[in-house]
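K.L.:
Before we start, here is the structure in question, set down as structure tokens.
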């Protein structure tokens with residue numbers, strides 16, 4: 001089978017995805033926030049809680065409203081269809097990544113008119129995948145992985161309506177529907193794609209009337225408003241759910257209850273650091289390649305689109321600096337637009353470079369061999385990663401062991417010093433639906449880390465086994 005030059009770069013891109021995301025995704029062990037969302041979704045699939053009133057455990061967040069409910073609802077559907085294995089949530093996360101990659105390709109092909117440049121659709125996918133916080137987020141199941149897909153789908157339809165003038169009203173309605181889904185996943189953070197129309201007016205002010213901008217914005221925003229209004233009218237539970245969400249999340253956020261930094265500009269610094277390697281690579285390519293105009297985009301058109309994507313990326317990240325709760329993975333939803341912007345910047349130079357590459361050249365043959373070997377190696381790496389743990393290995397051994405001893409649904413005592421061990425709490429709920437209770441407890445079982453003093457165990461408890469790796473289990477006489 002004869003592949004063209006771009007096929008080999010797709011092979012290389014797929015190998016990178018396998019190494020950075022799939023090999024880590026299939027291993028056990030997940031960051032606390034991700035396992036919390038997974039646990040809530042698994043409970044919902046098991047009939048614990050409802051879509052609008054989800055639940056974490058019997059002793060913590062029994063009525064869970066830390067985030068809107070769509071993530072939990074979607075992953076619960078996967079459990080219903082595919083079963084309760086941990087690989088189901090891995091499949092869910094990979095489907096989210098694949099969906100986003102497909103929309104990156106669709107968006108790239110919507111930008112260009114010639115096949116020659118359309119074939120570089122692997123470039124934004126490769127750029128996005130290679131950003132460190134991106135592959136970390138997709139291997140740790142944070143909610144941004146779902147929100148990013150819906151947000152990008154919204155931006156894609158906005159692009160089709162605004163730049164390509166294709167079915168303007170219909171595409172803006174679709175954009176509004178995806179904004180609704182994005183915000184139903186992550187709340188106010190998911191609303192940033194509504195700025196797409198306003199940003200188009202900024203970059204196209206000479207050719208885009210203010211009145212049109214208002215009309216198009218009303219269609220996009222109005223679609224989401226109408227859907228929310230109908231939803232609240234039809235379902236009082238939905239309205240109560242959102243009231244509780246705003247009452248809990250917003251009060252805590254703006255009172256800095258969940259503050260992770262004392263520097264409001266930390267997210268900006270993190271954004272710069274995440275994009276720095278990509279910026280350096282792009283600069284090197286620009287310096288080493290000859291200047292050439294893209295055949296299907298003028299310099300003015302290219303600059304307009306690059307600026308539009310950068311503005312959208314900034315709107316998806318910089319508003320988060322209003323609070324002190326700033327985490328690197330919050331940037332994931334904004335990074336597809338920076339990946340596209342960098343790819344657009346390089347497209348004219350790379351088109352020129354690819355045209356000069358001889359199919360029979362030694363350099364291309366060497367790259368083909370390297371891409372093929374890397375893909376094979378990545379597949380071997382993935383298969384050898386099955387059954388391993390990328391984090392919390394000893395803790396997970398104990399979690400599985402406790403599931404064989406302690407009945408499902410039990411409430412188990414722990415010392416107060418362990419209450420904030422949220423990784424342990426979320427694992428116990430996800431795999432065993434065992435809730436933990438701290439303080440003066442009289443439960444049938446008591447768990448304590450091996451590094452904590454025996455004096456924290458109530459007198460009436462005796463050690464069941466000393467063969468655990470990380471946490472001891474005691475039983476009440």
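K.L.:
Suppose the filter is out of contact with any helix residue (DSSP H, G or I) (no Cβ under 9 Å at 6 or more places or on another chain) and surrounded by fewer than 13 Cβ atoms within 10 Å (Cβ to Cβ); does residue 393 pass it?
P.N.:
no
K.L.:
Can you name every residue in the range 43-72 that is within 18 Å of the chain's Cα centre (by Cα), part of a helix (DSSP H, G or I) and in contact (Cβ under 8 Å) with a residue 40 or more places away in the chain?
P.N.:
Passing the criteria: 70, 71.
K.L.:
Please specify each residue of the range 432-443 satisfying the condition of being part of a loop (DSSP other than H, G, I, E, B), in contact with a strand residue (DSSP E or B) (Cβ under 7 Å, 6 or more places away or on another chain) and at pLDDT 95 or above.
P.N.:
434
Here's the yes/no breakdown for (1) in contact with a strand residue (DSSP E or B) (Cβ under 9 Å, 6 or more places away or on another chain); (2) crowded, with 21+ Cβ neighbours inside 10 Å; (3) at pLDDT 95 or above:
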residue	(1), (2), (3)
17	no, yes, yes
38	no, yes, yes
42	no, yes, yes
73	yes, no, yes
81	no, no, yes
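K.L.:
Do we find that residue 51 is within 29 Å of residue 189 (Cα to Cα) and in contact with a helix residue (DSSP H, G or I) (Cβ under 9 Å, 6 or more places away or on another chain) in this structure?
P.N.:
It is true that residue 51 is within 29 Å of residue 189 (Cα to Cα) and in contact with a helix residue (DSSP H, G or I) (Cβ under 9 Å, 6 or more places away or on another chain).
K.L.:
A follow-up question, please. Could you list all residues from the range 324-333 that are buried (at least 20 other Cβ atoms within 10 Å of the Cβ) and more than 10 Å from residue 189 (Cβ to Cβ)?
P.N.:
326, 329, 331, 332 - these are the residues of the range 324-333 that are buried (at least 20 other Cβ atoms within 10 Å of the Cβ) and more than 10 Å from residue 189 (Cβ to Cβ).
K.L.:
Moving on to the next point. Among 389, 378, 361, which is in contact with a strand residue (DSSP E or B) (Cβ under 9 Å, 6 or more places away or on another chain) and either in contact (Cβ under 8 Å) with a residue 24 or more places away in the chain or closer than 30 Å to residue 125 by Cα (or both)?
P.N.:
The conditions single out 389.
K.L.:
Continuing with the same structure: Looking at the range 73-81, is at least one residue under 18 Å from the mean Cα position of the chain (by Cα) and closer than 28 Å to residue 350 by Cβ?
P.N.:
No.
K.L.:
Inspect all residues belonging to the range 234-241 and state whether any of them is assigned by TED's automatic domain parsing to the domain that holds residue 143, assigned to a helix (DSSP H, G or I) and surrounded by 16 or more Cβ atoms within 10 Å (Cβ to Cβ).
P.N.:
yes
K.L.:
Continuing with the same structure: For the list (1) crowded, with 22+ Cβ neighbours inside 10 Å; (2) touching a residue at least 24 places away in the same chain (Cβ under 8 Å), I need the number of the one condition that residue 157 fails.
P.N.:
(2)
K.L.:
Still on this structure, I have one more. Only one residue in 248, 214 is loosely packed, with under 14 Cβ neighbours inside 10 Å and either under 26 Å from the mean Cα position of the chain (by Cα) or at pLDDT 95 or above (or both), so which one is that?
P.N.:
Result: 214 is the single residue among 248, 214 that is loosely packed, with under 14 Cβ neighbours inside 10 Å and either under 26 Å from the mean Cα position of the chain (by Cα) or at pLDDT 95 or above (or both).
K.L.:
Moving to a separate point now. Is it true that some residue in the range 190-200 is under 30 Å from residue 87 (Cα atoms) and assigned to a helix (DSSP H, G or I)?
P.N.:
yes
K.L.:
When the residues of the range 396-419 are filtered to those that are assigned to a helix (DSSP H, G or I) and out of contact with any strand residue (DSSP E or B) (no Cβ under 7 Å at 6 or more places or on another chain), which remaining residue is surrounded by the most Cβ atoms within 10 Å (Cβ to Cβ)?
P.N.:
399
K.L.:
Here's another thing I want to ask about it. Taking into account only those residues within the range 420-438 that are touching a helix residue (DSSP H, G or I) at 6+ places or on another chain (Cβ under 6 Å) and surrounded by fewer than 18 Cβ atoms within 10 Å (Cβ to Cβ), which is nearest to residue 31 (Cα to Cα)?
P.N.:
It comes out as 422.
The values are calculated or read from the model by the stated rules, or taken from the named source; none is laboratory data. Values in this document were obtained by computation on a predicted structure and should not be read as measured data. Backbone-built Cβ (ideal geometry, glycine too); neighbour counts: all protein chains shown.
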